[in-house]
Amino acid sequence: QVQLVESGGGLVQAGGSLRLSCAASGRTFSTYTMAWFRQAPGKEREFVAAVTWRGLSTSYADSVKGRFTISRDDTKNTIYLQMNYLNPEDTAAYYCAARTRIQMVTTKDEYDYWGQGTQVTVSS
């Protein structure tokens, strides 16, 4: 019922920056809790960041706190992940996720909709 489409991934050198975007369908987007997860080869999909209704609260994984910033523009039905000071450990497929309820959660099983992912590769 909800479509999520990520973009903005690519190749970047260590220390560089990328900004990911996730365009969402649905008129109730503003009430959704939105999140970014990532999955590296051989690893489980892990939480990166989330933002709640109207951007009132955010949450970040310890590994990205201070380097990544999540934001949302409800007029455009879009969320963003600004990634600065990237390192090779950030290499992964990044997925946008949506939860139809407003509670902040960081567990992937609690999210209702997923995008197809966008690849981020950081070289040294």
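For this structure, a couple of remarks:
- Qualifying positions in segment 55-71 - among the charged types (D, E, K, R) and either over 15 Å from L20 (Cβ atoms) or not in a loop (DSSP other than H, G, I, E, B) (or both): D62, K65
- Take the conditions (1) at pLDDT 95 or above; (2) over 11 Å from the mean Cα position of the chain (by Cα); W36 misses just one of them, which is (2).
- Taking every residue in segment 1-24 that is at negative phi and among the basic types (K, R) and pairing it with any residue that is open to solvent by less than 30 Å² (accessible area, probe 1.4 Å) and assigned to a strand (DSSP E or B), at least 6 positions away or on another chain, the pairs with Cβ-Cβ distances below 8 Å are R19/L81; R19/M83.
- Tally of residues being more than 12 Å from A49 (Cβ to Cβ) and in contact (Cβ under 8 Å) with a residue 40 or more places away in the chain across segment 76-89: 8
- Residues satisfying the stated conditions in segment 85-115, i.e. closer than 27 Å to G16 by Cβ, in contact with a strand residue (DSSP E or B) (Cβ under 7 Å, 6 or more places away or on another chain), part of a loop (DSSP other than H, G, I, E, B) and at pLDDT 95 or above: L86, N87, T91, G115
- Residue satisfying all of: in segment 25-45; open to solvent by 50 Å² or more (accessible area, probe 1.4 Å) and touching a residue at least 60 places away in the same chain (Cβ under 8 Å); nearest to S71 (Cα to Cα) among these: T31
- Screening V12 with (1) surrounded by 13 or more Cβ atoms within 10 Å (Cβ to Cβ); (2) under 18 Å from M104 (Cβ atoms) gives one miss only, at (2).
- Single condition T69 does not satisfy, out of (1) of a type outside the set (F, W, Y); (2) within 22 Å of V120 (Cβ to Cβ); (3) in contact (Cβ under 8 Å) with a residue 24 or more places away in the chain; (4) open to solvent by 50 Å² or more (accessible area, probe 1.4 Å): (3)
The values are calculated or read from the model by the stated rules, or taken from the named source; none is laboratory data. No experiment lies behind these values; they were computed from the predicted model shown. Cβ coordinates were reconstructed from backbone atoms using ideal geometry, including for glycine residues, and neighbour counts include every protein chain displayed. SASA here: full protein model, heavy atoms, side chains in, ligands and nucleic acids out. Shrake-Rupley method; radii C 1.70, N 1.55, O 1.52, S 1.80 Å.
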